[in-house]
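What follows is a short report on a single structure.
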Amino acid sequence: MSETSAVTPMTVADYAFAVESLSSGRFTGLLTVDNRKLFASLYGAPFAAIARLAPEVLEKSSASLLIADTTGLLAAESGRWLSLYARARNSSGKLTCTICVPVRPRSMRRPPKPLLFQPAQQVLVKHWSKHLSDLDTPPDILILYVPDRFDKIEAMAEDLCKTSKGRKVLLACHSRAEVLLVQALLHVWGCQLVDTVSYDLDSGESRPFAPGAWWVSVVPPKDFGSNRPSEEVQAPLRLAFQCFWDFIQQSDGQEAVNQVATVFSTRTTRHIGGESINAVRLSLNESIDLASGRYFSIREVAGEESIVWSDRQLSSDDLVRAPKENTEVLPDEDRLNIMLWLGAALNEAVQRDEEAAVGDLSTIVSETAASQEAALPGEAETLAHSEAVETPLAAFGRQVAPVPSTSAALPRRSRLSRSAGTVNVLALAALLEARARLGPGLRHRNIPAVGWLRSKGFIISDASMNAHVELSGGEVSIETDGADIWSMRFDDRRTMDQGAIWRIEATLIRLPRPAISLRLVQVRSSEDAPPPPDSGAYRRWSPPSPGEVRLEDAGVALSNAAVHLSGDKQFRWLAQLLLNTNRTQPVIVICGEVDDSANRLAKRLTGVAHVVCIDHGISAHLVRVFGRDRSVFGHAVRFYRPGFKAEADPDQHPLWTLKGAQLAKWLANDIFEEACAISLEADDLEDRAPSFQAVRSHLAELRLASSEQRISRLARSS
C-alpha cells in the first residue's frame, strides 16, 4: 500500500474526495454522490477514528487491526473495500485487517473490476473475543461496532475486560446519546474513558445517527477479576438505552431518526401565548412538561404556534424524581441524567399496563385456538377505525416473554437452490373460496389458465381434452379427465439464452370443493444461470386474479394487494392470523409509510404470502402484546414464518429496517425467495401440490382401470 494521501481525511466528504483522487480509487467517481458518501462513511470511518484516537498505530511500519463487524458490510468483497479506503490515510506503513463477522458476508454479483486488484483481508465467521483469545500476539488496535441491544453491549463490555486488559480499544456508536450510555456502562465495568470524536459528513455538518458516526476510545482495566457490576447498577442504564432505541425505531425515515437522536432527553423552554413551559424533548415535536408531567406537541397554523396537549401524563412521583436543572452540570451529564430518569419513569408507566396486556394476549390466544379462522379485513372500510396511538411510548417496556441473549439455534433462513438441473422455486396449494365455482364440467369459461395461455399465443381449442401445443417460444401440455381434474405444464423458453428456462405447472380439482395447485420450476443448465429471485420469476407466472377465484390460507383470503390495517379491531385480526396454527404461508408486516412497492410485492407474492401494512397504533399494540423483540415498529418490515407463537424466538422471524418509502429491490428479492422456499418445505408436497408428471400418471392409471373395467364387462356380456 505505497499510494497514500498527504493528510488522513477527517470527514466523510473529505474521505470520498481523497479516495477518488487515488489512481486505484478513481473508479469511485462513477458512483453517485450519495453512494460515494455512503462508501466513505462505512469504509473510511475506522481509519479516520484511528488517526484521531490512536495515531500511534499509523506511525508503525506494520500494524494489525481486529475489527468486529456485526453487519457484515465491512467484510464485503473479502475486505477489499477496506483495503482501498485504507490507502487514503496518511501513512505508508503496511496495514492488515482481520474482520470477525457473525455470518458469511454477502458480496456483489459484479463488483467493480478495479476493486479486485485490492488485497483481500482476512474474514472470519467467528466471535471477535474467541479469536482474540486464540492469538499469541494481540492486534495493535481493536475496533468494535456497538450492537443495538443492551444485553449484547453488556456481553461486549465483559469480553473487553477479559480479553483486552490495559489495551486501547475503539468503539463505534450511532449517536451522541448512545455514546453517553455506553460510556456510563463501561465506567461501571472499570474501563478508563480516553476520548470521544465524531465522524461528520462535512465540516460543520454532523451525522446525528449512523453507524460509526461517533467514536470512543477506552482502556479496559488491567486487573479485571470475575466481579461483574451489580444488576442494581446496570438496570437503569438498560432501561434508558431501551427507551432511547424505542423512540429511534419508531421513527419514520432517516430524517425523523436524526431528529430524535439530536433532541431526545434535552431541555427546552417553549414561549407560547405568553406562557413559558419548561420541558424535556422526546422528538422534534413531542415533549413532556416538567411542571405537570403532561405530554404535548406543537401545532403551527397560519404561522401561529399552539400547544396540543395529550391525555398521557407522568405520575407526581415520577416528576419529583426528575433531575433539576443545574448550570454547573455539563450538558452531556445533564442529558444522561434525564435519559436515566425517563427510562425508569416510562418503564413504571408500562408496568402499570402489563397486567392488561397479558389479559389481551390470553384472550387473543384463546379466540384463535377456538376459531382458527379469520376474515379478510378488506372490508377495511366496514371495520371501525380507532384513533392511532400518538406516540411510541406505548411500545416501551419489557418483553412479554423473555428473549435469550443468544439463540440456541442459528436463525432459520429458507433459500432456493442454485444448482444445475430442475429446481423447484414455488409450490402453492389452496382451497378456492367457497363461491369460486368451476361448474358441472371443465370448460374454457371456468378455467382461468386457458385465457392466460391464449395471451401467450397458445390456443387451446377444447379444454376438456388432452392437448399439446408447441411454438418457438415454448410448449404447453394439458392432461385432464374432462370432468374433475385439469392439469397443465407450460415451458417458457424465451430465457434459454440465459442458461435457464421457466416451467409452470397448474392443476385444478373440481370436487368435493374447488382446489388449485401451482408449481414454478426453473430448469437450469448450469450453476451460473441467474438465480430465481434476480431473474424475474414472478413475471413468468400469473395466478388467478381475485375477480376470477380467491385463494385462502387458514381461512384468510390471499390478496394480490397489500392489506392496510389500523385500529383495535384490525389489530386483533392480525394477531389471530399470526398465531393461527393452520397458517402455512408467511405474513409480511410493513410498518411506516411505504409507496406502491408494497402492492408490487404483494402482487409478486400472490398465493404464497400475506402482505400487511400497519400504522403505529397497531405497531404499539404488537409491542404491548408480543414484546418489542417479536414486533415490527418504526419504519421496518418483519417476516413472520408459519408457526409463530407469543414466545417465539425473534431471530427466526427476520426484521429489516427501511431507509425510505420504497422497498429496495434486494429486500423484495430476499423476501420473495424466503416466501417461495417456505412454500416448498411441506412434508406432503407431492400430495399437496402434485407435479404435472404425477397427475399425468394418475390419469393414465384411471384410464387404464376404466379400460380394464370395460373389457371385463364386455367379456362378461359376451
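Observations on the model:
- The stretch 501-556 - residue that is modelled with pLDDT of 75 or more and among the hydroxyl-bearing types (Ser, Thr, Tyr) and, of those, nearest to SER464 (Cα to Cα): THR507
- In the stretch 319-339, the residues that are under 16 Å from LEU237 (Cα atoms) and free of Cβ contacts under 8 Å to residues at least 12 places away in the same chain form no Cβ pair under 6 Å with any partner that is of a type in the set (Lys, Arg) and loosely packed, with under 10 Cβ neighbours inside 10 Å, whether six or more places apart or across chains.
- Only residues that are at pLDDT below 75 and crowded, with 17+ Cβ neighbours inside 10 Å were counted in the stretch 434-455, giving 8.
- From the options SER226, SER175, SER206, residue that is of a type in the set (Ser, Thr, Tyr), on the phi < 0 side of the Ramachandran plot and at pLDDT 95 or above: SER175
- Residue list for the stretch 610-630, filter: in contact with a Ser or Thr (Cβ under 8 Å, 6 or more places away or on another chain) and closer than 15 Å to ILE248 by Cα: SER619, VAL623
- Filter pass, VAL197 being β-branched (Val, Ile, Thr), touching a helix residue (DSSP H, G or I) at 6+ places or on another chain (Cβ under 6 Å) and closer than 27 Å to GLN259 by Cβ: yes
- Set ILE298, ILE338: member being among the β-branched types (Val, Ile, Thr), at pLDDT 95 or above and under 25 Å from ALA177 (Cα atoms): ILE338
- Those strands (runs of 3 or more DSSP E) lying entirely in the stretch 589-679 with at least 3 residues closer than 22 Å to ALA554 by Cα and in contact (Cβ under 8 Å) with a residue 40 or more places away in the chain: 610-614, 636-640
- For the stretch 235-263, a residue qualifies if it is part of a loop (DSSP other than H, G, I, E, B) and closer than 25 Å to VAL12 by Cα, and the qualifying residues are SER251, ASP252.
So that you can scan it fast, the table gives a plain yes or no per residue for (1) surrounded by 16 or more Cβ atoms within 10 Å (Cβ to Cβ); (2) more than 33 Å from the chain's Cα centre (by Cα); (3) closer than 18 Å to SER175 by Cβ; (4) assigned by TED's automatic domain parsing to the domain that holds ALA155:
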site: PHE241; (1), (2), (3), (4): yes, no, yes, no
site: ILE248; (1), (2), (3), (4): yes, no, yes, no
site: GLU255; (1), (2), (3), (4): no, no, yes, no
site: THR262; (1), (2), (3), (4): yes, no, yes, no
site: SER265; (1), (2), (3), (4): yes, no, yes, no
site: ILE272; (1), (2), (3), (4): no, yes, no, no
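Residue-wise test of (1) free of Cβ contacts under 8 Å to residues at least 24 places away in the same chain; (2) in contact with a Gly (Cβ under 7 Å, 6 or more places away or on another chain); (3) part of a loop (DSSP other than H, G, I, E, B).
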residue	(1), (2), (3)
PHE27	no, no, no
ASN35	yes, no, no
ARG52	no, no, no
THR71	no, no, yes
GLU77	no, no, no
ARG80	no, no, no
VAL103	no, yes, yes
ARG110	yes, no, yes
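- Within the option set ARG624, ARG641, ARG604, ARG628, being of a type in the set (Lys, Arg) and crowded, with 24+ Cβ neighbours inside 10 Å holds for one residue only, ARG624.
- VAL103 under 30 Å from the mean Cα position of the chain (by Cα) and over 22 Å from ALA213 (Cα atoms): yes
- Any chance LEU95 is at pLDDT 90 or above, under 25 Å from GLY29 (Cα atoms) and buried (at least 19 other Cβ atoms within 10 Å of the Cβ): no
- Residue check, PRO114 assigned to a helix (DSSP H, G or I) and closer than 21 Å to TYR43 by Cα: yes
The values are calculated or read from the model by the stated rules, or taken from the named source; none is laboratory data. The structure displayed is predicted, hence computed values, not measured ones. Methodologically, a virtual Cβ is constructed for each residue, glycine included, from the backbone with ideal geometry; neighbour enumeration extends over all protein chains shown.
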